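Everything below concerns the one structure shown next.
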Amino acid sequence: MTNSLLSLWQISNNQKPNSDTLNVGFYRSALKEGQAYLKQQFESQADIITLVQQRAAFIDQVLQDLWQHHISADVPISLLAVGGYGRGELHPYSDIDLLVLLDESVSEQPPSELSTFLTKLWDVGLEIGHSVRTIQECRQQAEDDITIATNLLETRLLCGDKTLYTELQQLTINHKTWDTRRFYQQKKQEQLERHIKYNDSSNNLEPNIKESPGGLRDLQVISWVAQQHFDVKDLKGLKQKGFLATSEYERLDKAQRFLWRVRFSLHLVANRKQEKLMIDHQREVAKQLGYQETDSRLAVEHFMKDYYRCARSVSQMNELLLQLFEENIILADEKPQIKPINRRFQIHNGYLETINSGIFAFYPYAMLEVFLILQQQPEIKGIRADTIRQLHAHRHLIDKRFRADIKNRSLFMEIIRQPKGVTHEFRRMNRLGILGAYLPAFGHIVGQMQHDLFHIYTVDEHTLFLVRNLRRFSCPEYHAEFPLCSEIYEQLPKPELLFIAGLFHDIAKGRGGDHSKLGVVDAAAFCSEHSLSDFDTDIVTFLVRQHLTMSATAQKFDIHDPEVIKTFGEKVNTLERLNYLYLLTVADIRATNNNLWNSWRDSLLKQLYHTTQQWLVHHDEVAKNTAEKSQYQQAAALKSLIELSFSEQQIIDLWQDYDPDYFLRHTVDEICWQSACRMQNPTASTLVNSRKHDQENMLEIFICTQDKPRIFAATTACLEQLQLDILDAKISITADGYALNTYIVNGLNQHQTDITHALEKQLNNLGDIKNASSVITPRKMKLFETTPSIQFQTNEQQNHTVMELKAHDRPGLLSSVAQVFLQQDIQLSNAKLITLGDQVEDVFFISTLTGEPLDSVEQNNLQQKLTITLSN
């Protein structure tokens, strides 16, 4: 295909459109054949620039052919391509944007053939966007709307009156509708707002390849400003003007080609216009682009790492070139304002720059000093473009010898120890490749993603978000966010140890094996090389090794159990390490996923922190066993209820049938609330009550009813039908045959009374349990279906078996588990339920109906039944 897909189609099928009657089917078939040919060429590794230009050329011919069929040559109107199509670039399902240009003489009553022509475009299968204007209307609207002004920079005559097109160019391009300075400022502001809309990060789980930072739009902004001010239409023109070095041009050209191939593939995979690189398309795009799976990474993870690194490269060049444009457009007529800093640096019009271009070659340590100066002088706007170029050119000097130099090591530690600017400068160092050069292990995780629905950022982006979260604990303006964290942070003797642990906590991801163990080796080496004491090194390595422990303990174990606290306390060992670990844990969870942190996790971690703190500091005052802890809880609740005007005898009569374990597994507040509910409703056979939890969309539900086998199955099915996520479940059976069930649920979007009534109705009709599995599983979740993993651990002392279930999340999962428990005569006493994106990690405390732990045969039977049920 050299000139026209349409001509190829005509020759191969030996057909021609009838010159008198338009053959709609012919054009539809031609378009279909054209798409098929482009797909075949793409899969054959044809040059991507040629492909997008061929697609545009093919659409050109279709439009020109139809135009000639409908519009008389003597009618003073023109058909123009605008936007990307105006640049001669079309991906398989890109917008076909058109401008119909009218002469004033026909503006009041355009020819009727024009309407027929536009309708016919839709009939043949072209999805167009079009506007109809006169030249004067173009001028007026361009002056009011920068988007229209931008589109007029990228017009191309397809057919019609050439004189009209020439006049349009004279009026809107040669005599610019926007002042260049104002155009630059507006485009920069547009970009800033667009970046904020996409989290100001190119490293999102599902980036928009057109609009996200580092996407194609960032390249177009460069082109638009360059075209408006320098009269160049592409990157090659900027190179010729001297604004791009050859290496920079090659870098941007390579990035554009890569992004174009991704976009072209995404359109083919989605079979429609699609710019968001959704997770359910990423695997197919990776496969189409030829990526292969390796021992440690999936093909899609290799692909996305290349994408994120490409986006970072585009962002760097966008920032550099816009700053150069600013100097040539905004500051061109202003006298340079120079303020010396030291013998190596000065401030030039608000930006930091080197005294001369040889600074980094003579003083390599200045490549770290740059960021220290920016921390110490936050009024500086950033790094001047020429100095950024020098950093790129001399980055190779950050080698083994550089990293071994005590001066450089001291500078890096000084950056970490600064009271302000740690987050900003680490991010800037990462963008410019300095952080990965100084810490090669960090360089390996740049752009690395994990293909799941839990981790929404790349490993390096997550790490820097974690550092940001840690930094906010020290800021007075954020004290109200996490008061306890802020108070603990103020007590830390060396906050820099926390930042070092944060940098290294995930640094070994992607290597295979336990990343927390492997990361300890890297962290210990860093501490040794940077002259940290053995004591400080021990804290850092402890934090890296145990950075998941506190979260796992809080969410998977019964933290009311003194034995659990004892085990965790012995592992932590000191209050100082507990303080560091708590802050790291909170920061880590909040940096993983926007939806992961909630008041329930907050309360669990706080409870674990305070209980462990008490265990570490006041051994003698802490209950040594479950019986003692139960007595403490009971006494405290009794006192509170008496203060609420309940009689002591009334309370004792209620509690006489309670198992001591009930008081162990519930807080004093929960005991008081539930006891008050029962005493205020003494005749209720089925009691359902609820109250708001700390967070607005969370609810605590208390159910008291006569114990029957199907209660847990009915309750979970009802809650799942109401689309509520169950976070925690506690079940106690009294001696007089009542089941006391407590649930914490999330996702509250119904009225409390509606939930209560629905539960009451279901519990009074245990014979008709509606299964939530009829809810359609989202397409994304289907991508990650895995075989359930089920493990058992027996606690003889507590007379129960702990079952840990790891499985792919789906609607109705918990009610399915409940049904299996019912069939296998399993009694549930407690459940800790965790959803991590597309996966669940649920822990169930179970026993036989006689209250004994499960033996090996019973465990095997349960495991087989659950595996079959959850795999269907």
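The values are calculated or read from the model by the stated rules, or taken from the named source; none is laboratory data. Everything numeric in this text was worked out from a predicted model, so none of it was measured. As a convention, Cβ positions derive from the backbone with ideal geometry for all residues, glycine included, and neighbour counts pool all protein chains shown. Only protein heavy atoms, including side chains, enter the accessible area calculation; ligands, DNA and RNA are left aside. Shrake-Rupley method; radii C 1.70, N 1.55, O 1.52, S 1.80 Å.
State whether the residues of segment 552-559 include one that is open to solvent by less than 40 Å² (accessible area, probe 1.4 Å) and more than 16 Å from Lys832 (Cβ to Cβ).
Looking through segment 552-559, none of the residues is open to solvent by less than 40 Å² (accessible area, probe 1.4 Å) and more than 16 Å from Lys832 (Cβ to Cβ).
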### Query
Are any of the residues in segment 200-220 on the phi > 0 side of the Ramachandran plot, modelled with pLDDT of 90 or more and not in a strand (DSSP E or B)?
yes
## Note on the structure
For Ile711, the lone unmet condition from (1) closer than 20 Å to Cys677 by Cα; (2) surrounded by fewer than 18 Cβ atoms within 10 Å (Cβ to Cβ) is (2)
### Summary
Among (1) open to solvent by 30 Å² or more (accessible area, probe 1.4 Å); (2) over 30 Å from Cys475 (Cα atoms), Gln390 falls short only on (1)
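Got a sec? Which of Ser645, Ser640 is over 38 Å from the mean Cα position of the chain (by Cα) and on the phi > 0 side of the Ramachandran plot?
On inspection, the qualifying residue turns out to be Ser645.
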### Task
Within segment 813-872, track down each residue that is touching a strand residue (DSSP E or B) at 6+ places or on another chain (Cβ under 8 Å) and among the β-branched types (Val, Ile, Thr).
Val817, Val820, Ile826, Ile834, Thr835, Val840, Val843, Ile846, Thr848, Thr867
### Query
Residue check, Lys639 against (1) more than 29 Å from Gly812 (Cα to Cα); (2) in contact (Cβ under 8 Å) with a residue 12 or more places away in the chain; (3) of a type outside the set (S, T, N, Q); (4) part of a helix (DSSP H, G or I), all met but one. Which one?
(2)
### Message
Tell me yes or no: at least one residue of segment 33-44 is surrounded by 21 or more Cβ atoms within 10 Å (Cβ to Cβ) and small (Gly, Ala, Ser).
### Response
yes
### Message
If I ask for residues that are out of contact with any Gly (no Cβ under 8 Å at 6 or more places or on another chain), surrounded by 19 or more Cβ atoms within 10 Å (Cβ to Cβ) and among the hydrophobic types (A, V, I, L, M, F, W, C), which ones from segment 491-517 would you list?
### Response
Leu497, Leu498, Phe499, Ile500, Ala501, Leu503
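Could you say which residue among Glu293, Glu250, Glu284, Glu301 is free of Cβ contacts under 8 Å to residues at least 12 places away in the same chain, more than 30 Å from Val225 (Cα to Cα) and of a type in the set (Asp, Glu)?
Numbers: Glu250 fails: more than 30 Å from Val225 (Cα to Cα); Glu284 fails: free of Cβ contacts under 8 Å to residues at least 12 places away in the same chain; Glu301 fails: free of Cβ contacts under 8 Å to residues at least 12 places away in the same chain.
Only one candidate qualifies: Glu293.
Considering only residues that are open to solvent by 40 Å² or more (accessible area, probe 1.4 Å) and part of a helix (DSSP H, G or I), which ones fall in segment 402-434? Spell out the reasoning first.
We begin by selecting, within segment 402-434, every residue open to solvent by 40 Å² or more (accessible area, probe 1.4 Å); these are 403-407, 409-410, 414, 417, 419-420, 424, 427, 431.
Scanning segment 402-434 gives Arg403, Ala404, Ile406, Lys407, Arg409, Ser410, Glu414, Arg417, His424, Arg427, Arg431.
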### Task
Would you point out the residue of segment 209-245, among those that are of a type in the set (Gly, Ala, Ser) and without any contact (Cβ under 8 Å) to a residue 12 or more places away in the chain, that is most open to solvent (accessible area, probe 1.4 Å)?
Gly242
### Task
Could you list all residues from segment 825-870 that are open to solvent by less than 70 Å² (accessible area, probe 1.4 Å) and among the small types (Gly, Ala, Ser)?
Ser829, Ala831, Gly837, Ser847, Gly851
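Among the residues in segment 246-255, are any closer than 16 Å to Pro207 by Cα and either hydroxyl-bearing (Ser, Thr, Tyr) or crowded, with 19+ Cβ neighbours inside 10 Å (or both)? Break it down stepwise before answering.
From segment 246-255, those closer than 16 Å to Pro207 by Cα are 255; that's our starting set.
Imposing the further condition that a residue be either hydroxyl-bearing (Ser, Thr, Tyr) or crowded, with 19+ Cβ neighbours inside 10 Å (or both) reduces the set to 255.
So far as segment 246-255 goes, yes, one or more of its residues are closer than 16 Å to Pro207 by Cα and either hydroxyl-bearing (Ser, Thr, Tyr) or crowded, with 19+ Cβ neighbours inside 10 Å (or both).
Yes/no per residue for (1) among the aliphatic types (A, V, I, L, M); (2) modelled with pLDDT of 95 or more; (3) assigned to a helix (DSSP H, G or I):
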residue: Leu322; (1), (2), (3): yes, no, yes
residue: Glu327; (1), (2), (3): no, no, yes
residue: Lys335; (1), (2), (3): no, no, no
residue: Ile347; (1), (2), (3): yes, yes, no
residue: Phe360; (1), (2), (3): no, yes, yes
residue: Pro364; (1), (2), (3): no, yes, no
residue: Glu379; (1), (2), (3): no, yes, no
